[in-house]
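So the structure is just underneath, and the comments pick up after that.
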Amino acid sequence: MLRAPSVSAAAAGSPPRLRLDRRELAGAVGDVGVLVPIATALIVANGLSATAVLLPAGLLYLGAAAAYRLPVPVQPLKAFGAIAIAQGLGSDAIAAGALLMGAVFLVLGRTGLIDRAARAFPTPVVRGIQLIVGVLFLQIAWDLVRDPPAGFVDASADPVLLVALALAALGAAMVLKHRSVSLALVGGGILIAVVRAADELALGPSALSLPTLDAATFWTAFTVLVVPQLPLTFANSCVATSDVARTYFGAAAERVRPGRLAQSLGVANLFSGAVSGMPVCHGAGGMTAHRAFGARTAGAPVAIGAVLVVAALLLGAGMAALLAAFPLAVLAAMLAAAGLLHVGLLRDLRGGRAWTIALLVGAVGVLVGLTPALVVGLAAWWVPARLASHRRTPLSSSRG
């Protein structure tokens with residue numbers, strides 16, 4: 001079972017009162033390293049409307065702030081987005097996948113199936129999942145500067161220079177994370193992006209369109225996009241996000257349950273699919289990023305959600321150029337900082353068995369995939385426990 005975590009923030013009672021101070025604003029931008037690269041690629045490479053990409057994310061952030069009253073994150077569906085980008089899938093297939101993800105998780109959340117399944121995940125397995133996510137963030141950050149994605153202004157830059165800049169920004173982010181360095185990094189990045197894309201900026205939303213869907217499109221979306229994403233969304237967006245919320249906020253995170261997270265991301269993806277937008281989810285790594293840079297209340301998701309909604313509606317027409325002009329070194333640094341801090345969640349493990357299982361899950365997840373990692377981790381935890389239980393049962397019976 002998920003054991004009671006150590007609490008490093010407000011530990012009891014209702015969620016903290018909403019604040020919109022400098023720390024909350026710094027925490028609000030802590031997770032842009034995940035959002036911007038995937039959003040930009042979906043706009044530039046897959047032809048999605050910038051307004052349709054940013055609006056679902058912004059609305060889910062605002063909804064999460066109201067529902068959970070904590071800095072619950074919003075991220076693109078990572079495996080889903082990576083496959084869609086790599087295969088060049090169009091907006092119709094992406095929309096069909098978002099609709100399927102939304103329906104599946106809304107049903108699983110409403111019926112309570114996710115909450116019941118989550119109770120089978122012991123803490124070492126959850127920490128292993130979080131280790132996978134932390135390493136994934138580090139890998140993405142490295143790839144951003146080692147082999148810059150096509151479509152970004154920095155794609156033609158010297159990778160050695162990008163790596164050096166990212167390492168410098170990462171050092172500042174890790175050493176000065178309690179001094180609003182994220183605001184300085186992201187603010188500087190926005191200024192650079194505005195200067196680079198000044199000639200292409202435009203006011204107003206980009207065009208929204210309803211998807212054209214048929215059975216073949218749904219089948220492609222299900223087999224290519226949804227099936228690889230389902231275990232990651234269940235494990236990271238629902239189970240691990242709930243766990244890390246309780247680790248950071250204790251009893252104040254009572255609302256952040258796996259089933260409720262499934263429902264909120266389910267509703268958001270139904271909307272996203274309806275407007276041919278970017279599929280979204282929650283994420284344990286995102287919560288670590290928001291909290292590490294200062295977020296402690298719903299003020300952070302309110303701030304970033306409002307910015308995304310305003311940007312979608314007022315700047316959507318020129319947002320593709322603006323996102324593509326954002327410095328990759330800043331994105332990589334923010335993402336790497338979140339990854340390192342997320343790996344640090346393993347510090348509360350106690351005992352050789354817990355550490356062995358968490359590291360085993362992490363290794364299998366990084367080298368093979370999340371689904372095999374979950375199978376191996378759950379078997380490593382529950383099989384010995386069941387065997388020990390069976391060995392004790394005859395003894396207790398004979399005493400009777």
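Per-residue answers, yes or no, for (1) modelled with pLDDT of 85 or more; (2) touching a strand residue (DSSP E or B) at 6+ places or on another chain (Cβ under 6 Å); (3) of a type in the set (Phe, Trp, Tyr):
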position	(1), (2), (3)
352	yes, no, no
356	yes, no, no
371	yes, no, no
375	yes, no, no
381	yes, no, yes
390	no, no, no
396	no, no, no
(request) Would you please list the contacts, defined by Cβ atoms under 8 Å and residues six or more apart or on different chains, that run from a residue in segment 145-156 that is at pLDDT below 85 to a residue that is surrounded by fewer than 21 Cβ atoms within 10 Å (Cβ to Cβ) and part of a loop (DSSP other than H, G, I, E, B)? (result) 150/45; 151/45
(request) Would you please list the contacts, defined by Cβ atoms under 7 Å and residues six or more apart or on different chains, that run from a residue in segment 343-372 that is without any contact (Cβ under 8 Å) to a residue 24 or more places away in the chain and within 15 Å of residue 121 (Cα to Cα) to a residue that is surrounded by 13 or more Cβ atoms within 10 Å (Cβ to Cβ) and of a type outside the set (Ser, Thr, Tyr)? (result) 372/364
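Could you say which residue among 285, 277 is crowded, with 24+ Cβ neighbours inside 10 Å and either touching a Phe, Trp or Tyr at 6+ places or on another chain (Cβ under 6 Å) or of a type in the set (D, E, K, R) (or both)? Outline the logic, then answer.
Numbers: 277 fails: either touching a Phe, Trp or Tyr at 6+ places or on another chain (Cβ under 6 Å) or of a type in the set (D, E, K, R) (or both).
From the options 285, 277, the qualifying one is 285.
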(request) Kindly list, by first and then second residue, each pair from a residue in segment 292-311 that is at negative phi to a residue that is β-branched (Val, Ile, Thr) and surrounded by 24 or more Cβ atoms within 10 Å (Cβ to Cβ), limited to pairs with Cβ atoms under 7 Å and residues at least 6 apart or on different chains. (result) 301/72; 304/29
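Can you work out which of the residues in segment 66-80 that are assigned to a helix (DSSP H, G or I) and surrounded by fewer than 24 Cβ atoms within 10 Å (Cβ to Cβ) is nearest to the chain's Cα centre (by Cα)? Show your work before the answer.
Just the residues of segment 66-80 that are assigned to a helix (DSSP H, G or I), to begin with: 66-68, 78-80.
If we keep only those that are surrounded by fewer than 24 Cβ atoms within 10 Å (Cβ to Cβ) too, we end up with 66-67, 78-79.
Numbers: 66: 19, 67: 18, 78: 8, 79: 11 Å.
My answer is 78.
Which of the residues belonging to segment 231-272 are among the acidic types (Asp, Glu) and surrounded by fewer than 21 Cβ atoms within 10 Å (Cβ to Cβ)?
Just the residues of segment 231-272 that are among the acidic types (Asp, Glu), to begin with: 243, 254.
254, the sole residue that qualifies.
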(message) Can you name every one of the helices (runs of 4 or more DSSP H) wholly within segment 289-400 that holds 1 or more residues which are aliphatic (A, V, I, L, M) and in contact with a Ser or Thr (Cβ under 6 Å, 6 or more places away or on another chain)?
(response) 299-314, 319-324, 328-343
(request) Could you check residue 191 against (1) closer than 28 Å to residue 312 by Cβ; (2) surrounded by 15 or more Cβ atoms within 10 Å (Cβ to Cβ); (3) more than 22 Å from the chain's Cα centre (by Cα) and say which number it fails? (result) (2)
(message) Test of understanding: among 100, 89, which residue is closer than 25 Å to residue 225 by Cβ, aliphatic (A, V, I, L, M), in contact with a helix residue (DSSP H, G or I) (Cβ under 8 Å, 6 or more places away or on another chain) and outside any helix (DSSP H, G or I)?
(response) 89
(message) Can you tell me which residue is surrounded by the most Cβ atoms within 10 Å (Cβ to Cβ) among those in segment 205-230 that are small (Gly, Ala, Ser) and assigned to a loop (DSSP other than H, G, I, E, B)?
(response) 206
(request) Can you tell me which residue within segment 344-359, out of those that are surrounded by fewer than 21 Cβ atoms within 10 Å (Cβ to Cβ) and aliphatic (A, V, I, L, M), is nearest to the chain's Cα centre (by Cα)? (result) 346
(message) Which condition from (1) over 30 Å from residue 115 (Cβ atoms); (2) in contact with a helix residue (DSSP H, G or I) (Cβ under 6 Å, 6 or more places away or on another chain); (3) modelled with pLDDT of 90 or more is the one that residue 169 breaks?
(response) (3)
(request) State the number of residues belonging to segment 282-303 that are farther than 19 Å from residue 17 by Cα and modelled with pLDDT of 95 or more. (result) 1
(message) Restricting to segment 122-177, count the residues that are in a helix (DSSP H, G or I), of a type in the set (D, E, K, R) and under 19 Å from residue 284 (Cα atoms).
(response) 1
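Evaluate the following for residue 135: is it crowded, with 16+ Cβ neighbours inside 10 Å, touching a residue at least 60 places away in the same chain (Cβ under 8 Å) and of a type in the set (Val, Ile, Thr)?
Working: crowded, with 16+ Cβ neighbours inside 10 Å: yes; touching a residue at least 60 places away in the same chain (Cβ under 8 Å): yes; of a type in the set (Val, Ile, Thr): yes.
Yes.
The values are calculated or read from the model by the stated rules, or taken from the named source; none is laboratory data. Just so we're clear, the structure is a prediction, and the values are computed from it rather than from any experiment. When we count neighbours, we look across all protein chains shown, and the Cβ atoms used for this are built from the backbone with ideal geometry, even at glycine.
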